[in-house]
Each structure stands twice: as structure tokens, then as C-alpha cells.
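Colleague: This is the structure I have questions about; it appears just below.
The values are calculated or read from the model by the stated rules, or taken from the named source; none is laboratory data. For clarity, every value in this text was computed on a predicted model and none was experimentally measured. Cβ placement follows ideal geometry from the backbone for every residue including glycine, while neighbour counts extend to all protein chains displayed. Heavy atoms of the whole protein, side chains included, go into the accessibility calculation; ligands, DNA and RNA do not. Shrake-Rupley method; radii C 1.70, N 1.55, O 1.52, S 1.80 Å.
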Amino acid sequence: MAGLISTVAKSLSQPLSAVDTSSYAYVTVQHRMPIILTQIVDHLSRHKSEVYDAKTDSALVTSPTRLHPAGGLQDAWNSNRHESEEELKGILGALAKLRNELQTNKPLTRFDVGLAEKDDAYMGDFAEWNAALDSVVARNLISLSEPPKWFECSWLFVETYMYRRIMAAIHETTHLKLLDPFKWQKAESLKDSTKNVHNMLDYLKNTLEVIVQAEDKTPEELKRHFGQLLRLSLWGNKGDLSHSAGKGKPEPPSACHPTPETSNPHDDQHAMREVLLVDDSEAIWQHLRKASSTKCSLTESSGYTRVDIICDNYGLELITDLILGEFLIVSRLASQVCYHVKAMPWFVSDTTVPDLLHILDVINDHGGKFGDKWRDYLMSGKFIATTDAFWTLPYDFDWMKKKAPALYDYFKGSALIIFKGDLNYRKLTGDLKWPHTTPFKTALRSFHPAPLCTLRGLKAEVVVGLREGQAEDLTQQDKDWLTCGEFAENNFINNKLPSSEPSSIVVCILPHVKELNDPLKHLHHLLMEAFCKEHSIRLLKVASCEGFCALLKLLQQIDPANPYAAASHGIASIDASDLLIIKAAEPRSAGADEDLMSQYDVIMVRRRDAEGGSAATPVLPAVFPTYFDAT
Ligand SMILES: O=P(O)(O)OC[C@@]1(O)O[C@H](CO)[C@@H](O)[C@@H]1O
């Protein structure tokens, strides 16, 4: 068994990387990343006069498509024109050198911390980047004795490293620190989207009228709109320029991936179904409704429900995220929506703070009052725009507790964290080679500050949470299903797992499954047993799956008013990776087992329902039957 575990653990620890020349990671490092560097050099060379050009800036005010802001102070360019032009040449030289290092697989070079004054807003993360270069996240996957190199490290590291090197070349200047090297591509991505934007804002307007006017707005009505807007935000993710290697505006979604331009959003529900590989929108709806209806997020007792959106791309995707935020506020599913954007230009089209403020002007240009309304939201706190250095470090989210503890603690107050896009998904799952049926919660490892969901178009070879056989069927359907960006998933997990509060766990119950033919499930059980042992949590093993099922059936006698009632379909089959966690209202006393009966306040069980979907169904406290053989 130990050999089996080490085999599974070994395969799990392997990140996606260009070491595998048949992988998409290799295609990205070999071809796409050099193209992205070349495009920046071309744009900066061709638009040299527009780096900080008053004409372009003034055009920003009048032109209907409002090109992306010049991103800088005009007088800096005027008064230091010669120095600025020399610095621009320096940037172009640095990017050409970077491209050569990449293409010739040189060792990754360190950042010059000597350039960074104390608390430098631009280069203050250089020391952390150098620490990462010395750490396991940048290890050479071919030989530990070798330094990290472009084709021999994790894909996640070298890709994030490339973008940080691009911005380092800009941050190390005196006059061009504010230059956004992707501004032309971001502007381009919106250039022909007038109709899309109009349609989306019209849809929002109509939806809000329905919500506001319908006194007795039925939950079903709200739920339908919620699902539509969730899917709209998901398909906004197609506008990712790092995936299309910056080739300007990505192809408009094909017929089966409608956006308002290709169909009326009301009707796209079924057109999208077949490409949504995991759709937990029902569970998200039930969770948010419960969190808001009890006037508190699951982690705070105040009348305050905050939803956090970890943003991805500028342009259409950002507009769909703002539309989703408006719906959450007006429907009272949230009292505050916080938009987390990047502290610097990133992955070509990722949203920065200037981008978020600028898009409000673009929205105003497309008619309607939403741009002004959302600017007011930012002033009043209904919307928050924020950023953190962690999002542009190379660490996946398993590191957040250690590398950004304040950010992790902040998220504990969230009712729901919505992670947009592929890069965030890759960081949630560590960009590791998980088997595709790995439970999403397993792939999150130590990252569970609060309930969270993903809205992601698949553009990389990592995906978890699929049903047995689903990946094989998809490969038959489209051999590039993992990376073509045509398929999507929407995973949800109600992240109040024990590892964030072991002291509240009274008992953990596992089905005693003798022959576990799935190494992942075995690993899962071993991890839970180790967790219980580490935190002195009672671990009970059900002598048989039947006994375990009987207990869960017993727990089905739940309060019909419980909004989760609709989600519980009875136990059709039990998945051996399921478990029962009994939490205590108060930190657990060291009392005897008898006090189990009185302490717990909520029981979380994760199971697959008869349809093979997945639903987290918290149920009310129950009485213990005598099914257990304490082991
Ligand atoms: O986060 P997004 O914008 O959805 O996708 C970004 C991204 O996943 O797309 C490419 C994968 O194909 C990578 O280069 C990059 O990581």
C-alpha cells in the first residue's frame, strides 16, 4: 500500500512543465511566450510617440471606443523626453534579451533588489521573487543540482516569472514606471465590442427591472437570472489575450457559446450546458441565498455579506463581472462586492486598477448610467477595488497562508470568493497533474479560507472534479478539450473544512472501506486520518458503507425550511471519498464520547447525488445510531 501511496503522491507533486515536450506548457514556453514578448517590442517600437502622447490621451476622451489609457503622466514625457526615449530603448533591449534567454533555455536570473528603495511600490517584491527562485516552486525538474531554467521548471513559475521580468524592465526606469506594455492589446480587445456591451447592459437593465419591480420576486426567477449572469461572467473569460497569444480580439464565441451578441442571454442556458463540464451553480445559489437570507456570511454574524471576485481579464470579462456584482447588490445576495485586480500589468489582459476605473468610462460611452452608478458604488463601498502583491508573485494559493497571511485572513470574512479564469484555477490546483476525477477540495490542498467557486474556461492541462469516464468521453469529442478554451467549469466548495478550525471538530466519521482501488481516495482517507491524529480529533469508522448510508439517510430528516432541503436527493450511492464531519458550536471539550450528542451544531457531508452531480448538503444535527465500531 505504501508503494501505491508514494506513487500517487509522486504523480501529484509533478507540476505541468515544458519538460514534457508533448504538453501545452511546452507549446506555451516554446512558441506563445516568445510571441507575447515580440508583440510588446513591436507595439512599443511602432507606437513610440504614443507612450505618453497628449494626442492619444485626448483621443481617449472623445473616441467612442476609448483606447486604453496611456498609463502615465504627460509632463513626465514632455519634460524628460530625451531621457524617456533613452529609457524606452533600454526597455526594448531588456525584452529582446529576455526573449533570447527564454529561447536558449538559460538559467533564470535574479532581480536586482539594490534598485528597490524601502517599501518601493514598484520593486518591493523583488526580494520575495528571489526567495522564490531559491525555493521549491522554482526547482529544476530534471536535476535538483541544476539552477532553474525556462524549459526545466514548472510552467506556472516560468510564465509568471516572464511577466515579472517584463514589468521589472519598466519599473527599473525613472520616467516610464507607469507604462502599461499591454495597453494597445487591451484597447484592441474592446474595439469592436460595442454591440456586445450594449446587449449585456440592456440585459442587465431588463433583469434589474424584473428584480426591483417584482415585489414577490420568486426565488426561481432570481435563480434563473443568477445562473445566466454567472454563465455570462464565465464566457467573458474567453477574452484572454495571453491564451490567444495576444493576437488582438479573440474570436467571438462560436454558436454553442453564445454571448449577448450571438443570442439573447435568456436563451443561452441550454446552448452552454454541453460545454460546462462541472456546473455547481445550483450549490452556489443555495449557498449565497442562505448566507444572505440569514443576513450574515457563513463566517460573520453581522448583517453583512461580502462577495469577493478575483478578477481576470480587462474588457468584456470585466464588464460581465461588474454586471454580476450589480445583480448581487440589487438582489441583496451581497451587501458588498470586492474586486481584486492586479497591482501591475499582467498576463497581457489581466485587469489593473487603472483598467477598472477606465472601463467605467467605456461603459458610460455605451449608454446607460451604469458606469457612473458603479463609480458611486466605489465611493460608497458597495463595490471595492483592491489589489495585493500576492497575485503577481509565482506562488499558487496553497502558499497564501504562509506568504500572504493577512490576505488569507481577510478572505475568511467572505461569504463567497469567485475565482475568474484559467490562471486562478491553475493556482487553486497548484497546476499539478491531478487525475481528472480528483475531488476539487483535495486539489485545493491547504487553501480553504471561505466558500469559493471558479468560473473558468479550460486553457491548460489541469482539471479536477470530473466524473469517472468524463475525460475519456471528452477526448473522443475533441482531443484539445483541455486547452482550446471552448469548454468550461464552475466548481464550488463550501470551504468550512476542519483544517481551518480543528478545535471545532467533534468527530470525523469515515466509511471503513476495505479494498480502496482508487489510490486518490485512499490518500484522501490517509490525509483525513493524519489530520484527526494531529489534532486529537476522534475518528470513527463505519463498519460498512451500508451503515454509513443509513446514518446519512437518518440525517436526511432535515428541517423543510432549510434552503438546502431542495438540494438533498436522498443517498443513492456513497462515494468512498465522502466523510462526515461533526462540528461543535463551541471549541470542543475533552469530554467523553457521550458529549458528542450535545455539542455539534452543523453536519457537513459531501456526496454525489443520484445524477452524479455534486452538492454540499449541510444538514441539521442528528442523533447517533449505534452503527459504529469505534476503531
Ligand atoms: O487566466 P486566463 O486569462 O483565463 O488564462 C491565462 C492562461 O491560463 O492562459 C494561458 C493558458 O492557455 C496561459 O498562458 C495563461 O496562464
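Colleague: Mind ranking 432-438, 19-25 by how tightly packed they are, going by the mean number of other C-beta atoms within 10 angstrom, highest first? List each step's numbers first, then the result.
Modeller: On the way: 432-438: 19.1, 19-25: 16.3.
For the peptides 432-438, 19-25, the packing ranking is 432-438, 19-25.
Colleague: From the Cα gyration tensor of region 326-387, with a ≥ b ≥ c the square roots of its eigenvalues, which class applies: rounded if a/c is under 1.5, or else prolate if a/b is larger than b/c, or else oblate?
Modeller: Working: a/c = 2.16, a/b = 1.29, b/c = 1.67.
Oblate, since a/c reaches 1.5 and b/c is not below a/b.
Colleague: Here is a follow-up. Is the C-alpha gyration tensor of region 115-240 telling us rounded, prolate or oblate? Criteria: a/c under 1.5 is rounded; beyond that, a/b larger than b/c is prolate, otherwise oblate. Numbers along the way, then the final one.
Modeller: Details: a/c = 2.82, a/b = 2.07, b/c = 1.36.
Prolate, since a/c reaches 1.5 and a/b exceeds b/c.
Colleague: Moving on to the next point. Classify region 286-415: rounded, prolate or oblate, from the alpha-carbon gyration tensor (a ≥ b ≥ c, eigenvalue square roots; a/c under 1.5 rounded; otherwise prolate if a/b is larger than b/c)?
Modeller: On the way: a/c = 2.20, a/b = 1.05, b/c = 2.09.
Verdict is oblate for region 286-415.
Colleague: Listed highest first by mean packing, meaning other Cβ atoms within 10 Å per residue, what order do 344-356, 407-419 come in?
Modeller: Working: 344-356: 23.6, 407-419: 21.0.
The peptides rank, most packed first, as 344-356, 407-419.
Colleague: Looking at this model, which pairs from 401/427; 342/412; 186/479 are more than 23 angstrom apart at the alpha-carbon? Walk me through the numbers on the way to the answer.
Modeller: Details: 401/427 14 Å; 342/412 20 Å; 186/479 30 Å.
Beyond 23 Å: 186/479.
Colleague: Also, quick follow-up: Any idea how far apart residue 110 and residue 380 come out in nm if each label point goes 7 Å out from Cα toward Cβ?
Modeller: Distance between label points: 5.2 nm.
Colleague: Here's another thing I want to ask about it. Suppose the chain between residue 527 and residue 31 were pulled fully straight at 0.36 nm per residue; how much longer would it get relative to their current alpha carbon spacing? Let's see the in-between values first.
Modeller: Numbers: separation 496, 0.36 × 496 = 178.56 nm, distance 3.94 nm.
Residue separation times 0.36 nm, minus the Cα-Cα distance, leaves 174.6 nm.
Colleague: May I pose another question? Please list 442, 207 in order of solvent-accessible area, largest first, computed with a 1.4 Å probe with all protein chains present. The partial results should precede the final answer.
Modeller: Details: 442 25, 207 0 Å².
So the residues, ranked largest to smallest area, are 442, 207.
Colleague: Next question, about the same structure. What FRET efficiency, computed as 1/(1 + (r/R0)^6) with R0 = 25 Å and r the Cβ-Cβ distance, is obtained for residue 480 and residue 103, rounded to the nearest 0.05? If you can, show how the numbers build up before the last one.
Modeller: Details: r = 25 Å, r/R0 = 0.98.
Efficiency at R0 = 25 Å is approximately 0.55.
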